[in-house]
Amino acid sequence: EAGVAQSPRYKIIEKRQSVAFWCNPISGHATLYWYQQILGQGPKLLIQFQNNGVVDDSQLPKDRFSAERLKGVDSTLKIQPAKLEDSAVYLCASSRTFNTEAFFGQGTRLTVV
Amino acid sequence: GESVGLHLPTLSVQEGDNSIINCAYSNSASDYFIWYKQESGKGPQFIIDIRSNMDKRQGQRVTVLLNKTVKHLSLQIAATQPGDSAVYFCAEQFKAAGNKLTFGGGTRVLVKP
């Protein structure tokens, strides 16, 4: 079974620029998560989808972050404009449904300079 | 690779000894718990899960204990090996919060040869 795919693996941008991350979850997984992990901390949930609907986005900075999951499969997370404090690893995870094992991708390491 | 555990509490264990990692979770209504292992440069990897109707669950070399009275979760690793060196996170999920999967702060485990 293929795992959760994320791209790119690394990205360096200047502050105020825009960036987008892409996630392809495991086939058949209805639930998709985006997490932000700052160095030395646990992952922080940004947004959670069930199929193509948003379940929770309470911790998503909506003035600069956006995410979508068209057709309930792939998802993109965008930051516009980026700030220095957005430097982190952005992790995508998927699970078959709620309260089942969530599988993570390798993450995208973003550096904002 | 970059360490994910620079500022996390650290547990140093002699190879072959047993390890116990503790986690205090936040919500008494949480009904599903997962332990993840994260190595440098990688996404979190599922270790074992437990539902709130259980007190104990065993896997291969790992055991998770759940004490709902004091909202405490522990992970026991038997005969710790060098490959067990990583950062360990507990995560909780509860229906009242839209099944949001929330991570704790993490513990870094260092296995000494």
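Run the numbers for A:Lys71 and A:Glu14: contour at 0.36 nm per residue of separation, minus the present Cα-Cα distance, in nm. Please list the in-between numbers first.
Working: separation 57, 0.36 × 57 = 20.52 nm, distance 3.17 nm.
Once the chain is fully extended between A:Lys71 and A:Glu14, it gains 17.3 nm.
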Per DSSP, the loop-located GluC sites (Glu not before Pro) within the range A:1-101 having at most 16 other beta carbons within 10 Å are A:Glu1, A:Glu14, A:Glu101
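Write down the accessible area per residue of the range A:5-112 in Å², having rolled a 1.4 Å probe over the full set of protein chains. Kindly include the intermediate steps, with their values, before the conclusion.
Working: 4880 Å² over 108 residues.
That works out to 45 Å² per residue.
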Test assert for the range A:10-44: residues whose accessible surface shrinks by at least 30 Å² between chain alone and all chains, 1.4 Å probe, equal A:Tyr35, A:Gln37, A:Leu39, A:Gly40, A:Gly42, A:Pro43
Sorted by chain and then number, the residues having a modelled amide H within less than 5 Å of the amide H of B:Asn99, at least 5 places away or on another chain, are B:Phe94
Checking the range A:1-87 for chymotrypsin sites (Phe, Trp or Tyr not before Pro) in a loop per DSSP with at most 10 other beta-carbon atoms within 10 Å yields none
Residue-ordered couplings for the range B:81-89, obtained by feeding phi - 60° into the Karplus form 6.51 cos²θ - 1.76 cosθ + 1.60 and rounding to whole Hz (Gly and Pro as x), are 10, x, x, 7, 5, 4, 9, 10, 10
The orientation-averaged projected area of the Cα convex hull of the range A:5-112, in nm², is 6.1
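Could you state how much accessible area is buried at the B-A interface, both sides summed, with a 1.4 Å probe, in Å² to the nearest 100? Can you show the working numbers first?
Values: alone 6430 and 6360 Å², together 10740 Å².
Buried area between the two chains comes out at roughly 2100 Å².
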Spelling it out for B:Leu11: with amide H atoms placed in the peptide plane at 1.01 Å from N, the residues 5 or more places away or on another chain with amide H under 5 Å from its amide H are B:Arg108, B:Val109, B:Leu110
In whole Hz, the Karplus estimates of ³J(HN,Hα) for the range A:88-102 (6.51, -1.76, 1.60; θ = phi - 60°; x where Gly or Pro) are 4, 9, 9, 10, 10, 9, 9, 9, 4, 6, 5, 6, 10, 3, 9
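Of the listed peptides B:62-69, A:89-96, what is their order by residue-averaged count of other C-beta atoms within 10 Å, with the highest listed first?
Descending mean neighbour count gives A:89-96, B:62-69.
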Taking A:Arg109, A:Arg64 and ranking on accessible area (1.4 Å, protein atoms only), highest first, one gets A:Arg109, A:Arg64
Amide H neighbours of A:Arg69 at under 5 Å, excluding residues fewer than 5 places away on the same chain, with H built from the backbone geometry, are none
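Could you work out how much longer the chain between B:Phe46 and B:Ser26 gets when fully extended? Use 0.36 nm per residue separation minus the Cα distance between them, nm to one decimal. Before the final figure, lay out each step's value.
Details: separation 20, 0.36 × 20 = 7.20 nm, distance 2.03 nm.
Result for the pair: 5.2 nm of gain on full extension.
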The aspartates and glutamates whose Cα lies under 19 Å from the Cα of B:Lys112, excluding any fewer than 8 residues away in the same chain, are B:Glu15, B:Asp17, B:Glu39, B:Asp84
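So how strong a dipole does the range A:5-112 carry about its Cα centre when Lys and Arg Cβ are +1 and Asp and Glu Cβ are -1, to the nearest 20 debye? List each step's numbers first, then the result.
Values: 13 positive and 9 negative charges, 51 e Å.
Roughly 240 debye, rounded to the nearest 20.
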Carbon plus sulfur, as percent of the 1.4 Å-probe accessible area of the protein assembly as shown, comes to 48
Compactness summary of the protein assembly as shown: radius of gyration and Dmax from Cα atoms, Å, are 17.4, 50
For B:Lys68, counting only lysines whose alpha-carbon sits under 30 Å away and dropping same-chain residues fewer than eight positions off, the answer is A:Lys44, B:Lys37, B:Lys56, B:Lys95, B:Lys100
In nm, the gap between the two label points placed 7 Å beyond Cα toward Cβ at B:Glu15 and B:Lys56 is 3.0
Chain B, Gaussian network, Cα under 10 Å: of B:Ser19, B:Ser30, B:Ser40, the residue fluctuating most is B:Ser40
Candidate cut points under GluC sites (Glu not before Pro) in the range B:1-97, DSSP loop plus at most 14 other Cβ atoms within 10 Å of their own Cβ, are B:Glu2, B:Glu15
Using alpha-carbon coordinates alone, the radius of gyration and Dmax of the range B:10-112 in Å work out to 13.4, 42
Cross-link reach from A:Lys11 to lysines, straight Cα distance under 19 Å and at least 8 residues apart if same chain, gives A:Lys78, A:Lys83, B:Lys42
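The values are calculated or read from the model by the stated rules, or taken from the named source; none is laboratory data. Remember, it's a predicted structure, so these values are computed and weren't measured experimentally. A quick note on method: Cβ atoms are made from the backbone with ideal geometry, for glycine too, and the neighbour counts reach across all protein chains shown. For the accessible areas, the whole protein counts, side chains as well, though only heavy atoms, and no ligand, DNA or RNA atoms are used. Shrake-Rupley method; radii C 1.70, N 1.55, O 1.52, S 1.80 Å.
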